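The values are calculated or read from the model by the stated rules, or taken from the named source; none is laboratory data. What you are looking at is a predicted structure, and each value in this text was computed from that prediction instead of being measured. Here the Cβ is made from the backbone with ideal geometry for all residues, glycine too, and neighbour counts use every protein chain on show.
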Amino acid sequence: MIELSHVSKQFGDDIAVEDITLRIAKGKFCALVGTSGCGKSTTLRMINRLIEHSSGDIFLDGQAIEQYDPVKLRRRIGYVIQSTGLFPHWNVARNIGLVPRLLKWPATEINTRVEELMGVLGLPVGEFAHKYPHQLSGGQAQRVGVARALAADPDILLMDEPFGALDPITREKLQDELAKLQARLHKTIVFVTHDMDEALKLADHLVVMRDGRIVQQGTPLALLQQPADPFVESLLGGLERGLKQAALTRVKDHMTSLGPSWPAQSRIPADFSLRQALSMMLRDHCDRLTVVDQGDVPIGELSLRRIVKEAQLDKVSQRDA
Ligand SMILES: Nc1ncnc2c1ncn2[C@@H]1O[C@H](COP(=O)(O)OP(=O)(O)OP(=O)(O)O)[C@@H](O)[C@H]1O
Ligand SMILES: [Mg+2]
């Protein structure tokens, strides 16, 4: 869907992005992380031609992006930024309907689409359609920004620190909504963030950049298990790496069948993470949990020993592979 091949960008004598090669398959969620100024936003903006690349090739659907009309291209690609970029003198409904209006959709279709998206993003139409951006909280404005990016149903969504300015609770809620939306709509998403937990939680493909270059890319689990160098390791949380890995692993993938002994007191749902299981063990002073299904029926058990051993097995099998 999106392919960057040996792409560089120079501003005058400054190299902002240097020789990056990156392939993002249709429907995948790619997160770009790295320290400030390493070229993440520049990379994103080269994809919708807000910035023209200096060398290398960028392809969308196998076609070089120079062959697309930049204006048409940008209408095909949703773009969300931290400051939302909403028009202050337009109400919420008008802001969300921007691109469909530019694309000359019939008015009734635009209204239907705007109302549908407001529903999806938890913005009741009666309450919000006629509000202006200055009457919204940061989280609400951000939702409007996401709704606007989705309005014309683009295949590609570029998101530049979309949740950066939000408090942790609102942020987590919007992350969960984005994950749900992605599971349903299968957009191809490129997402820039400073928050490693956000990147690990949402991404299928994680790209770590430093000084304009890609230092490592792969699945979040692969990077956690084998960071390429101390920079990637520290960015991934250093000593916290084990817990971050546990957060990506489901209880159901590591439980054993219910033993003959009396089930453990503490119960954990099978779709919880190993990190939550560890936390529960610490809280309840135990080293064994009963795993339950959605109906709270016991379906297996999980021991501390098992969690520690599985982590080790993952490591061994990776090394052998
Ligand atoms: N329009 C521009 N003109 C000149 N230099 C620029 C321009 N845009 C970006 N740069 C430079 O390119 C480099 C990469 O910038 P970029 O905005 O891509 O970084 P970033 O990874 O998004 O950083 P942050 O995390 O702080 O947003 C920086 O050194 C920046 O100063
Ligand atoms: Mg940036």
Before we move on, is residue 229 of a type outside the set (A, V, I, L, M) and free of Cβ contacts under 8 Å to residues at least 24 places away in the same chain? yes
Select from segment 1-57 the residues that are farther than 25 Å from residue 181 by Cβ and among the acidic types (Asp, Glu) and write down the one among them that is surrounded by the most Cβ atoms within 10 Å (Cβ to Cβ). 18
If you take the residues in segment 154-165 that are over 15 Å from the mean Cα position of the chain (by Cα) and not small (Gly, Ala, Ser), which one is surrounded by the most Cβ atoms within 10 Å (Cβ to Cβ)? 154
Could you list, in sequence order, all residues of segment 10-30 that are within 13 Å of ligand 1 (Cβ to nearest atom) and in contact with a Phe, Trp or Tyr (Cβ under 7 Å, 6 or more places away or on another chain)? none
Residue satisfying condition, being without any contact (Cβ under 8 Å) to a residue 12 or more places away in the chain, on the phi > 0 side of the Ramachandran plot and among the charged types (D, E, K, R), within set 72, 104: 104
Can you pull out every residue in segment 105-137 that is among the small types (Gly, Ala, Ser) and surrounded by fewer than 17 Cβ atoms within 10 Å (Cβ to Cβ)? 107, 119, 122, 126, 137
Quick one: would you say residue 102 is within 16 Å of ligand 1 (Cβ to nearest atom), surrounded by fewer than 21 Cβ atoms within 10 Å (Cβ to Cβ), assigned by TED's automatic domain parsing to the domain that holds residue 156 and under 30 Å from residue 129 (Cβ atoms)? no
One residue from 223, 185, 235 being more than 30 Å from residue 120 (Cα to Cα) and without any contact (Cβ under 8 Å) to a residue 40 or more places away in the chain: 223
